[in-house]
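The values are calculated or read from the model by the stated rules, or taken from the named source; none is laboratory data. Treat the numbers as computed from the prediction; the structure is a model and nothing was measured. Cβ sites come from the backbone with ideal geometry, for glycine too, and all protein chains shown count toward neighbours.
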Amino acid sequence: MKNPVAADANSTSTGKDLYAKHCKSCHGKDGLGDGPKAATLGASCSDFTTKEFQSQTDGEIFYKITQGKEKMPAYGKTIPEDADRWALVNYLRKLK
């Protein structure tokens, strides 16, 4: 899937706000997988700054946000607008 949302300042800002609300507690302020809830999960949280994470396509990241993966919950209903989840993908790309 190709990201239909331009990676501009507006979408990145939206993604940053969504990240702070839904992702930061597990993945940490800088996306290193070291958020305060990470230690309580019994599983490691993804580090969004790694080459491995950043080498995924936008569609792969969008899918994982939408459907979840392993212990990560699905956010398709929590963040119901596709454009918002794509904006979150755009923000995650900034965490290199």
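General observations
- Restricting the first member to the range 66-80 and to residues that are of a type in the set (Ser, Thr, Tyr), and the second to residues that are assigned to a loop (DSSP other than H, G, I, E, B) and surrounded by 12 or more Cβ atoms within 10 Å (Cβ to Cβ), the beta-carbon pairs closer than 9 Å and six or more apart or on different chains are THR66/ALA74; THR66/TYR75; THR66/GLY76; THR66/ILE79; TYR75/CYS23; TYR75/GLY68.
- In the range 14-34, of all residues being among the small types (Gly, Ala, Ser) and touching a residue at least 12 places away in the same chain (Cβ under 8 Å), the one that is nearest to GLY59 (Cα to Cα) corresponds to GLY15.
- Subset tally (residues that are over 18 Å from ALA20 (Cα atoms), of a type in the set (A, V, I, L, M, F, W, C) and not in a helix (DSSP H, G or I)) for the range 37-96: 2
- Within the range 30-60, the set of residues being modelled with pLDDT of 95 or more and of a type outside the set (Asp, Glu) comprises GLY31, LEU32, PHE48, THR49, THR50, LYS51, PHE53, GLN54, SER55, GLN56, THR57, GLY59.
- For the range 1-36, the set of residues classified as under 17 Å from LYS94 (Cα atoms), among the polar types (S, T, N, Q) and part of a helix (DSSP H, G or I) consists of ASN10, SER11, THR12, SER13, THR14, listed by residue number.
- Counting the residues of the range 1-38 that are surrounded by 13 or more Cβ atoms within 10 Å (Cβ to Cβ), under 20 Å from THR50 (Cβ atoms) and charged (D, E, K, R) gives 4.
- Residues being of a type in the set (Lys, Arg), under 22 Å from ALA6 (Cα atoms) and either exposed (fewer than 13 other Cβ atoms within 10 Å of the Cβ) or in contact with a strand residue (DSSP E or B) (Cβ under 7 Å, 6 or more places away or on another chain) (or both) are entirely absent from the range 75-95.
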